[in-house]
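Student: Structure provided below as structure tokens; questions to follow.
The values are calculated or read from the model by the stated rules, or taken from the named source; none is laboratory data. Just so it is clear, the structure is predicted and the values come from calculations on it, not from any experiment. Ideal geometry is used to build each Cβ from the backbone, glycine not excepted, and the neighbour counts take in all protein chains shown.
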């Protein structure tokens, strides 16, 4: 959020005038928060970026659930924050020294080129009988200790929900002062709107989360046999660069994989502190460093702040390092776009540490999360179009390292339905379209769509049947289509084989048989791995033959997504 | 690994004699590694534990994939490690000062009460034309630059795969010296075996990964109507405490949730540095702190070291923070036991941030991973028995916060089949067992087994049919059973409804209809949430009635796990 504030201030505030974007960001945290790796990652980056308006108040009460922090957390926290480049202060008696806390906050505000941390040493459960113990971490005090604490703090234990008059009066004065601040801020905004109507309109649009009117027209499209094969990560880079000017709210970067993720916004400067000579707060390409978890968490903060559409990137498998924060994107209804390249065994030699297997299923099982796996230019554009329009959900766009052919029948419009028929052997003169109806559907995603098309041709000519291939750039979107449309893509009465270079598990929802993985990948050139694992035209032909034989003369129950709507 | 060495040394070495467990652990890492949160978590704990035999050589070459570390990583790394309590050194010219590196390693070895980090400043691609640039991070030099580098380093560029004689001779001498070290170590071990045959036999057993002979006999069992309801997390705590003495290799702890995870080994001291006064290296309960990712990674290290069976604990949802390392347990074939409590909406008031939805599906889709969700005492014991016997795979044991009744028909032996029939309305005199064959199967796991039993009773009396409930403490184990057994649990020809308070998605593999979640949970007392979401006897009755009506007179296709074996 502090990063968003710094950027939007640099973008919208006018020199010599009252700022329209201007706030501090306060964090209240405890010992546990500062043990988690994600806070270390984020704090290191905040120090590098010199986010002077970020102020962390660290409640150093020495107690976590297991007991004293002496059990596991004896590092020198402030020294660590000094190492991160933060401004550090310590209030030694946080139980009583309220003035000291206020002074420290004022001092923190005055330091404008560094984030600040204020370690406030306190006693947990101050005033209660259980003060200083883990017994007050997660449980209510209970009636007798509540009375004890009230007495200790100068209250009448017989009175409940009692607010002393001077406290009530003080809070009223705070409300009045705050109302005055809001009034001033409204005047500032109103003056800004008169003087800079275009900027004000832009800020209003972005704050509402609305997209620029022309955005779909800017998305790359392709058609025809002359379209060159490409890696979908490159097609993603094309989309980002096609919309970067029209969408100044698009802000993001990569966890140190820029040249692999293809996330650079060409010509757009880095978001950096001006002292680095490598950019400024007006820049909007973020160098997150090798910090996947903080990257995702920071994007959540940017989305929460508003007026920005954050995107971030790593390899699909390393979304696993960020999963806690990715889940929070979904739970918090944040439009964060995750660019997840190297999305399968197709990445080749890096091998099983880098090759996702379970990740797509994990993300598809996460509520309010859209998982895209586009196959070509049109599907990649459709994925971004849908991701941008889903203003209250994150999107994971899984993209390939390896080059794949264009899908001849694809269009952005068809892909935006989440799934569509992209190939039919009946349309191929070289094949024998004897059967009136299709005998089998191949359901594929991303880089396996072109493999499925080859497999369909092979199976059609081997078995002398009509085979249809459907591409599913987004299963969540497909599931939202009307039943009649869904059944046109996955028709009742004929078997479906799914083809995805990822866990088979989960595909039972859409198919009768699966081509995929239930083991880890391997290190080799991508074509060799695909061949070895049978994710190939031959593998499709082999399984397809068995499936056709199994169902010959039998009734085929519809796949769950089509039937059983109880 | 350094933690394992410290513990096993304390356990097996004898004062005044040559140590049988005695090695340093070296880490070679780069800038990227030290940006990741997991290394920060682990390093903070290593400093707290004073692991003096851990030596990290940090290749400070200032280059990551995006370019200079000036882009994102400008913190003072050594100062941070000082804050963690490490011994820190800097070799400023790592390109040339080999003697300085050796001296630093010797100094690091001499510091026995702190882990050491040696920052070695180097030039990436030293000697090549692209020296000092990110161009040499991930790509081969190419012929011309290879020649350039060879020349720069004093070699003849025309010679390939050339090893100078003095280098060959030096390596031979290293091999000889190493052989001598091994011979000495063997003698030490042999002398130890003569003098301490019991300890030597124990170390040998544990190094082979073998379990103590009597372990299954120690597992808690329960039967009869008098068994008190219990939370499965408590039953897990009973197992750990039942085997702790027989299994001294059992070593682990919690990410600061000991009283919630029920992972304390009563009477077993903490693994702590003796200076803390809170335990010693001979202790085997680990206080991991609020560091889930490092916790899982440390357990991988312990498993890799050998002679230990590591376990660790957090809430099931926070396995997501550790997922990178959990996946490595599976990929590396490590027997790590993950105790994952608070495994559903049943945790109640903590709400959706704590309530897993997708986690079980994510873990079930991970290859070589066993996911257990026991329902009672016998199933919990069976889960541990299987987890301990699977010497080359991790186990995740999902456990409840809330109290559930004992499953009357359960036994450890049945549960060890992964799935079994645990209730049949035909056996209930109060219900009308008119139908000869079962009309419907309810497939449930963990805390939903008792709900399924109540639902079966309700549906049986409403629809006047026979309903069977099957419990699945481990689907991966169930899938390995013979087809005939699987079909006795999930018979062909009758519909199956799954009941699990987690993502429905994925259950299409085992059921025709699902009771579960495709949204996040909520904050309320557990019974209220279950009722609201329809994961209840009423919900089962309602869906069961619809499913029976749908399939009336229709053929029921078998669920994938039973049929379609192509």
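Student: Give me the residue from the stretch A:494-508 that is in contact with a helix residue (DSSP H, G or I) (Cβ under 7 Å, 6 or more places away or on another chain) and assigned to a loop (DSSP other than H, G, I, E, B) and, out of that set, surrounded by the most Cβ atoms within 10 Å (Cβ to Cβ).
Tutor: A:506
Student: Ok, one more. Among (1) within 30 Å of residue B:193 (Cα to Cα); (2) within 14 Å of chain A (Cβ to nearest Cβ), which single condition is residue B:14 missing?
Tutor: Exception for residue B:14: condition (2).
Student: Then there is this: So if I check each of A:194, A:128, A:190, which one is at pLDDT 95 or above and surrounded by fewer than 10 Cβ atoms within 10 Å (Cβ to Cβ)?
Tutor: Working: A:128 fails: surrounded by fewer than 10 Cβ atoms within 10 Å (Cβ to Cβ); A:190 fails: surrounded by fewer than 10 Cβ atoms within 10 Å (Cβ to Cβ).
Matching residue, one of A:194, A:128, A:190: A:194.
Student: Within the bounds of the stretch B:350-367, is there any residue that is out of contact with any strand residue (DSSP E or B) (no Cβ under 9 Å at 6 or more places or on another chain), touching a residue at least 40 places away in the same chain (Cβ under 8 Å), within 14 Å of chain A (Cβ to nearest Cβ) and over 30 Å from residue A:332 (Cα atoms)?
Tutor: no
Student: Working only within the stretch B:376-400, note down all residues that are over 15 Å from the mean Cα position of the chain (by Cα) and within 27 Å of residue A:364 (Cβ to Cβ).
Tutor: Passing the criteria: only B:400.
Student: So residue B:138 ticks every box in (1) touching a residue at least 24 places away in the same chain (Cβ under 8 Å); (2) crowded, with 16+ Cβ neighbours inside 10 Å; (3) not assigned by TED's automatic domain parsing to the domain that holds residue B:68 but one. Which box is left unticked?
Tutor: Going through (1) touching a residue at least 24 places away in the same chain (Cβ under 8 Å); (2) crowded, with 16+ Cβ neighbours inside 10 Å; (3) not assigned by TED's automatic domain parsing to the domain that holds residue B:68 one by one, residue B:138 breaks only (2).
Student: Any residue at all in the stretch B:79-90 that's touching a residue at least 60 places away in the same chain (Cβ under 8 Å), more than 7 Å from chain A (Cβ to nearest Cβ) and in a strand (DSSP E or B)?
Tutor: No, that holds for no residue.
Student: Of everything in the stretch B:264-276 that's without any contact (Cβ under 8 Å) to a residue 24 or more places away in the chain and more than 9 Å from chain A (Cβ to nearest Cβ), which residue is farthest from residue A:32 (Cα to Cα)?
Tutor: The selected residue is B:267.
Student: If you don't mind, there's one more thing I want to ask. Scan the helices (runs of 4 or more DSSP H) fully inside the stretch A:406-493 and keep the ones with 3 or more residues being surrounded by 24 or more Cβ atoms within 10 Å (Cβ to Cβ) and touching a strand residue (DSSP E or B) at 6+ places or on another chain (Cβ under 6 Å). Don't jump to the end; show me each part of the working.
Tutor: Numbers: elements: A:412-415, A:448-463, A:475-479, A:483-489.
Those helices (runs of 4 or more DSSP H) span A:448-463.
Student: Please work out which residue is nearest to the other protein chains (Cβ to nearest Cβ), limiting yourself to the stretch A:245-263 and to residues that are crowded, with 19+ Cβ neighbours inside 10 Å and assigned to a helix (DSSP H, G or I).
Tutor: Ranking the qualifying residues of the stretch A:245-263, first place goes to A:258.
Student: Look at the stretch A:368-391 and say how many of its residues are in a loop (DSSP other than H, G, I, E, B) and more than 13 Å from every other protein chain (Cβ to nearest Cβ).
Tutor: Total satisfying the criteria: 6.
Student: Only one residue in A:283, A:346 is more than 9 Å from chain B (Cβ to nearest Cβ) and within 15 Å of residue A:3 (Cα to Cα), so which one is that?
Tutor: A:283
Student: What strands (runs of 3 or more DSSP E) lie completely within the stretch B:264-348 and have 3 or more residues being in contact with a strand residue (DSSP E or B) (Cβ under 6 Å, 6 or more places away or on another chain) and closer than 13 Å to residue B:396 by Cα?
Tutor: Working: elements: B:285-287, B:309-315, B:337-341.
Passing ranges, in order: B:309-315, B:337-341.
Student: Out of A:64, A:69, A:74, A:112, report the one residue that is within 14 Å of another protein chain (Cβ to nearest Cβ), surrounded by fewer than 21 Cβ atoms within 10 Å (Cβ to Cβ) and under 35 Å from the mean Cα position of the chain (by Cα).
Tutor: A:74
Student: Separate question: For residue B:511, indicate whether it is within 28 Å of residue B:396 (Cα to Cα), within 14 Å of another protein chain (Cβ to nearest Cβ) and outside any helix (DSSP H, G or I).
Tutor: Numbers: within 28 Å of residue B:396 (Cα to Cα): yes; within 14 Å of another protein chain (Cβ to nearest Cβ): yes; outside any helix (DSSP H, G or I): yes.
Answer is yes for this residue.
Student: Let me ask something else. Out of all the residues in the stretch A:12-42, which are crowded, with 21+ Cβ neighbours inside 10 Å and not in a loop (DSSP other than H, G, I, E, B)?
Tutor: Once the filter is applied, which keeps residues that are crowded, with 21+ Cβ neighbours inside 10 Å and not in a loop (DSSP other than H, G, I, E, B), the stretch A:12-42 yields A:31, A:34, A:35, A:37, A:38, A:39, A:40, A:41, A:42.
Residue by residue, here is whether (1) under 30 Å from residue B:348 (Cα atoms); (2) outside the structural domain of residue B:547 (by TED's automatic domain parsing) holds:
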{"site": "B:393", "(1), (2)": "no, yes"}
{"site": "B:410", "(1), (2)": "yes, yes"}
{"site": "B:436", "(1), (2)": "no, no"}
{"site": "B:441", "(1), (2)": "yes, no"}
{"site": "B:445", "(1), (2)": "yes, no"}
{"site": "B:451", "(1), (2)": "yes, no"}
{"site": "B:464", "(1), (2)": "no, no"}
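Student: Additional query: Scan the stretch A:206-216 and give yes if some residue there is assigned to a helix (DSSP H, G or I) and exposed (fewer than 13 other Cβ atoms within 10 Å of the Cβ), otherwise no.
Tutor: The answer is no, given that none of the residues of the stretch A:206-216 is assigned to a helix (DSSP H, G or I) and exposed (fewer than 13 other Cβ atoms within 10 Å of the Cβ).
Student: Could you run through the stretch A:518-537 and say how many residues are assigned to a helix (DSSP H, G or I) and free of Cβ contacts under 8 Å to residues at least 40 places away in the same chain?
Tutor: Summing the residues that are assigned to a helix (DSSP H, G or I) and free of Cβ contacts under 8 Å to residues at least 40 places away in the same chain in the stretch A:518-537 gives 4.
Table: residues versus (1) over 24 Å from residue B:30 (Cα atoms); (2) out of contact with any helix residue (DSSP H, G or I) (no Cβ under 9 Å at 6 or more places or on another chain).
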residue: B:138; (1), (2): no, no
residue: B:151; (1), (2): yes, yes
residue: B:157; (1), (2): yes, no
residue: B:163; (1), (2): yes, no
residue: B:171; (1), (2): yes, yes
residue: B:181; (1), (2): yes, yes
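Student: Related question: Among the residues that make up the stretch A:481-499, is at least one of them more than 31 Å from the chain's Cα centre (by Cα) and free of Cβ contacts under 8 Å to residues at least 12 places away in the same chain?
Tutor: Among the residues of the stretch A:481-499, at least one is more than 31 Å from the chain's Cα centre (by Cα) and free of Cβ contacts under 8 Å to residues at least 12 places away in the same chain, which makes the answer yes.
Student: Oh, and also: Here are A:74, A:112: which of them is assigned to a loop (DSSP other than H, G, I, E, B) and either touching a strand residue (DSSP E or B) at 6+ places or on another chain (Cβ under 6 Å) or farther than 26 Å from residue B:277 by Cβ (or both)?
Tutor: From the options A:74, A:112, the qualifying one is A:112.
Student: Can you pull out the residues in the stretch B:286-311 that are more than 13 Å from every other protein chain (Cβ to nearest Cβ) and either farther than 21 Å from residue B:205 by Cα or more than 13 Å from the chain's Cα centre (by Cα) (or both)?
Tutor: Listed by number, the residues that qualify are B:305, B:306, B:307, B:308.
Student: When you scan the stretch A:48-56, do you find a residue that is within 14 Å of another protein chain (Cβ to nearest Cβ), in a helix (DSSP H, G or I) and under 21 Å from residue B:71 (Cα atoms), even just one?
Tutor: The first filter runs over the stretch A:48-56 and keeps only residues within 14 Å of another protein chain (Cβ to nearest Cβ), leaving A:48-51.
Right, trim to in a helix (DSSP H, G or I) and you get A:48-49.
Subsequent filtering for residues that are under 21 Å from residue B:71 (Cα atoms) retains A:48-49.
Among the residues of the stretch A:48-56, at least one is within 14 Å of another protein chain (Cβ to nearest Cβ), in a helix (DSSP H, G or I) and under 21 Å from residue B:71 (Cα atoms), which makes the answer yes.
Student: Next up: What are the residues in the stretch A:518-543 that are more than 23 Å from residue B:512 (Cα to Cα) and facing chain B (nearest Cβ under 10 Å), if any?
Tutor: Listed by number, the residues that qualify are A:519, A:520, A:521, A:542, A:543.
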